[in-house]
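So the structure is just underneath, and the comments pick up after that.
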Amino acid sequence: MKIGILGGGQLGRMLIQEALKYDDEWFTLDPVADAPCSRISDFTQGKFDDFDTVFDFGKGKDVVSIEIEHVNVDALLELQECGIKVIPSPEIIRIIQQKILQKEFYRKNNIPSPDFQVIQNRSEADFPLPFVQKMNTGGYDGKGVQVIRTGEDLQHLWNVPSVLESLVDIEKELSIILAISENGETRTFPVTEMVADPKLNLLDFNICPAHISEHVEKQIRDIAAQFIAAANSPGLFAIELFLDKEGKVWVNETAPRLHNSGHQTQEGNANSQFEQLYRVIKNLPLADTDSSGYSGMLNLVGEEHFSGKVKYDGLEKVLRLPKTYVHLYGKTETKPGRKMGHINVLADSRKELMEKLLHIKSLVRVIS
Ligand code: ADP
């Protein structure tokens, strides 16, 4: 089968890496000439948000999927008209692309997400402080998001279409990854804890399974079921969640694609999120997602003050450790905050897992 992926980053790379054990032809589209997928697939350099580029890329493929959501949805609709299978549906991509539509989708489908106001410009802001402003489009990895705490902060409001959202008193950030196949079969991965690096605002650790009560687990199961019913689309989705200090779970946002919070599934689960998306794309039986022990992930992120040809300082020490797995993304140039790779770890207890992750973090640096 000819499978086209919009986006040629690390998510696509790890999907193809997993799927090369099957028989398919992989095509990727990315604006960057040396994108992580460029040397492992039939690569087209071009913009995935441009109608003609996406349409031309998709023509002649059997299935088109995505590894980033900022793609040209009109071209995907047109490709669908021409009989090409598009996963996930262009409609759900369009909803998720825009924070305003995404929040309205949660409200309409009774999916618990923090209360919000939609504004088209700064002068419309009329929402109780403190709140979080999220740009309707263009946000990514914590960009396009700011906390407004005081009346004085109001003057820093961005003058663009946005969502103003209640500030949640966060106990933990969690994620659940789920798969929906064309014939309605569904599977979820165990709930994962995401621990952020406060400076870079990028995901730093994953811990799986999350340490949560049955009551919290039940809320998350209900949210997943509501999302599956409302999405009405095959695909692999990552729902990012907040657990507040009172034990209530809120949906932060959903990614209609592979997700950083699922990287430890590569070795931590019977099958990974990459295998699972492959099954969805091919309309095959979904894979089992069981895990036995604990698994975790540490992002390898470009260190501050270092730009240029990448060096992974301390990696050999990491490679000596048991049940430790290094994944690099084939990016030659490091920049502060750039995701260059990750390290997965298995352990028998949460305590052992945390110790291993912290130890590895102290060993390795991404420099130039
Ligand atoms: P991005 O799409 O860039 O990842 P998010 O919407 O996930 O942006 O926001 C980035 C981070 O900001 C979240 O991981 C969380 O720590 C914080 N945040 C976002 N929304 C809220 C909220 N309503 N209350 C408290 N913190 C929030």
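The values are calculated or read from the model by the stated rules, or taken from the named source; none is laboratory data. Every value quoted in this text rests on a predicted model; they were computed, and no experiment measured them. No Cβ is skipped: glycine too gets one built from the backbone with ideal geometry, and neighbour counts run over all protein chains shown. Quick note on the areas: whole protein, heavy atoms, side chains included, nothing else; ligands and nucleic acids left out. Shrake-Rupley method; radii C 1.70, N 1.55, O 1.52, S 1.80 Å.
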Would you check which residues across the stretch 187-211 are more than 14 Å from the ligand (Cβ to nearest atom) and either surrounded by 15 or more Cβ atoms within 10 Å (Cβ to Cβ) or modelled with pLDDT under 95 (or both) and list them? ARG187, THR188, PHE189, PRO190, VAL191, ILE207, CYS208, PRO209, ALA210
Go through the stretch 280-313 and count every residue that is over 24 Å from ASN206 (Cα atoms), surrounded by fewer than 22 Cβ atoms within 10 Å (Cβ to Cβ), in contact with a strand residue (DSSP E or B) (Cβ under 7 Å, 6 or more places away or on another chain) and in contact (Cβ under 8 Å) with a residue 60 or more places away in the chain. 3
For the stretch 114-145, give me the residue count where each residue is open to solvent by less than 40 Å² (accessible area, probe 1.4 Å) and near the ligand (Cβ under 9 Å from one of its atoms). 8
Quick one: ASP169 ticks every box in (1) within 27 Å of PHE205 (Cβ to Cβ); (2) acidic (Asp, Glu); (3) away from the ligand (no atom under 11 Å from the Cβ) bar one, so which box is it? (3)
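Filter the stretch 38-58 for residues that are of a type in the set (Phe, Trp, Tyr) and more than 22 Å from MET14 (Cβ to Cβ); which is surrounded by the fewest Cβ atoms within 10 Å (Cβ to Cβ)?
Residue satisfying both the conditions and the ranking: PHE51.
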Could you pull out the residue among LEU178, LEU154 that is under 24 Å from the mean Cα position of the chain (by Cα), more than 16 Å from the ligand (Cβ to nearest atom) and not in a loop (DSSP other than H, G, I, E, B)? LEU178
Scope the stretch 9-23; condition assigned to a loop (DSSP other than H, G, I, E, B) and without any contact (Cβ under 8 Å) to a residue 40 or more places away in the chain; matching residues: LEU20, LYS21, ASP23
Here the residues within the stretch 315-366 that are free of Cβ contacts under 8 Å to residues at least 40 places away in the same chain, basic (Lys, Arg) and farther than 21 Å from CYS208 by Cα are ARG320, LYS335, ARG338
Being without any contact (Cβ under 8 Å) to a residue 60 or more places away in the chain and open to solvent by less than 40 Å² (accessible area, probe 1.4 Å) narrows it down to one residue among LYS99, LYS61; which is it? LYS61
The number of residues in the stretch 15-29 that are open to solvent by 10 Å² or more (accessible area, probe 1.4 Å) and closer than 14 Å to ARG39 by Cα is 5
In the stretch 108-126, which residues are part of a loop (DSSP other than H, G, I, E, B) and touching a Ser or Thr at 6+ places or on another chain (Cβ under 6 Å)? PRO114, ASP115
Answer yes or no as to whether SER233 is in contact with a helix residue (DSSP H, G or I) (Cβ under 8 Å, 6 or more places away or on another chain), touching a residue at least 24 places away in the same chain (Cβ under 8 Å) and either outside any loop (DSSP other than H, G, I, E, B) or of a type outside the set (A, V, I, L, M) (or both). yes
Tell me, yes or no, whether the stretch 1-12 has at least one residue that is out of contact with any helix residue (DSSP H, G or I) (no Cβ under 8 Å at 6 or more places or on another chain), farther than 25 Å from ILE343 by Cα and modelled with pLDDT of 95 or more. yes
Has the stretch 239-258 got at least one residue that is more than 24 Å from ASP115 (Cβ to Cβ), surrounded by 21 or more Cβ atoms within 10 Å (Cβ to Cβ) and within 16 Å of the ligand (Cβ to nearest atom)? yes
